[in-house]
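S.K.: What follows is a structure written as structure tokens; I'll ask about it next.
Read-outs throughout are calculated quantities, based only on the coordinates presented, and are distinct from any laboratory measurement. Quantities reported herein were computed from a predicted structural model and do not represent experimental measurements. Glycine gets a Cβ as well: all are built from the backbone with ideal geometry, and neighbour counts include every protein chain shown.
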Amino acid sequence: MSTNRDELINKFYSSFQKLDYNGMNSCYADDIVFFDPVFGLLNGNEARSMWEMLCKNAKDFSLTYDNIQHLDDEYSTCDWVATYTFSKTGKRVVNKIKANMRFADGKIAEHSDAFSLHKWSSQALGFSGWLLGWNSFFQRKIKNGAKKNLLRFMEAGRS
């Protein structure tokens, strides 16, 4: 079973390296549940649309991943680092992330990415992110903006 999980994890992140959201999304179960500190909880098409939006909008993007570990019969983790230019500010971001995944029926059924929103906002937003990025009001503003962008992207109709 861990061999299939290795293949799925490798396919997911190697597709991400190529900004191939279709390849990434093919690793997900239809009813995927995703969570991260910026977008919050996303289900199904929201999660798939998020990856499409991120891939289509990526600038100066690179990704590495390693340290794949299988915790038990269902759960695996890995570390990945995304390096890119944040389009809103033009600032360089190096985001170090811990992925947690649950597998069911040969697909990724649950996926959560953990990283410091304060560290991310310090890089992406500069001084204001460094100064206020720990603040829950400021973090909520970041999350609300990301969710609005995703909903706008979905409403505009993906290609």
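S.K.: What angle do you read, to the nearest 10 degrees and between 0 and 90, between the alpha-carbon axis of helix 2-17 and the longest principal axis of the chain?
M.R.: Helix 2-17 sits roughly 30 degrees off the main axis of the chain.
S.K.: Could you work out the helix-only [θ] at 222 nm for the chain, with each DSSP H run of four or more residues adding -39,500 (n - 2.57) and the total divided by the number of residues, to the nearest 500 deg cm²/dmol?
M.R.: Theoretical 222 nm ellipticity from helices: -13500 deg cm²/dmol.
S.K.: Please arrange Glu52, Glu155, Glu74, Glu46 by counting, for each residue, the other beta carbons lying within 10 Å of its beta carbon, fewest first.
M.R.: So the residues, fewest neighbours to most, are Glu155, Glu74, Glu46, Glu52.
S.K.: Sticking with this one: Angle check, please: helix 45-57 long axis (alpha carbons) against the longest principal axis of the chain (alpha carbons), in degrees 0 to 90, nearest 10.
M.R.: The two axes meet at around 60 degrees.
S.K.: Counting other Cβ atoms within 10 Å of each Cβ, which trypsin sites (Lys or Arg not before Pro) in the range 15-77 have at most 16 and sit in a DSSP loop?
M.R.: Lys18, Lys59
S.K.: Long-range amide H contacts for Ile32: which residues qualify at under 5 Å (H placed 1.01 Å from N, peptide plane, sequence gap of 5 or more or a different chain)?
M.R.: Distant-sequence amide H within range of Ile32: Gly44.
S.K.: Along the charge dipole of the range 2-155, which of Cys27, Asn43, Leu117 sits closest to the positive end, that is, farthest toward it, with unit charges on the beta carbon of Lys, Arg, Asp and Glu (+1, +1, -1, -1)?
M.R.: Highest projection toward the positive end goes to Leu117.
S.K.: Using the 10 angstrom Cβ neighbour count as an exposure proxy, how do Arg92, Arg5 rank, fewest first?
M.R.: Arg92, Arg5
S.K.: Subtracting the Cα-Cα distance from 0.36 nm times the residue separation, let me have the gained length for Arg102 to Trp134 in nm, one decimal.
M.R.: So the extension gain works out to 8.6 nm.
S.K.: Would you calculate the separation in nanometres between label points at Met154 and Lys88, each defined as 7 Å from the Cα along the Cα-to-beta-carbon direction?
M.R.: Modelled inter-label distance: 1.9 nm.
S.K.: Against the longest alpha carbon principal axis of the chain, how many degrees, from 0 to 90 and to the nearest 10, is the axis of helix 136-155 turned?
M.R.: It is inclined by approximately 60 degrees.
S.K.: Additional query: Suppose a student asked you for the relative contact order of the chain, using Cα pairs under 8 Å spaced at least 6 residues apart; what percent would you report?
M.R.: Across the chain, relative contact order equals 21 percent.
S.K.: I've got another one for you. Using 0.36 nm per residue, how much length does the chain from Asn144 to Lys11 gain when fully extended, once their Cα-Cα distance is taken away?
M.R.: 44.8 nm
S.K.: Could I ask something else about it? Among Phe35, Phe86, rank each residue by its count of other Cβ atoms within 10 Å, from fewest to most, as a rough exposure measure.
M.R.: Phe35, Phe86
S.K.: So what's the gap between the Cα centers of the range 9-38 and the range 71-148, to the nearest angstrom?
M.R.: 14
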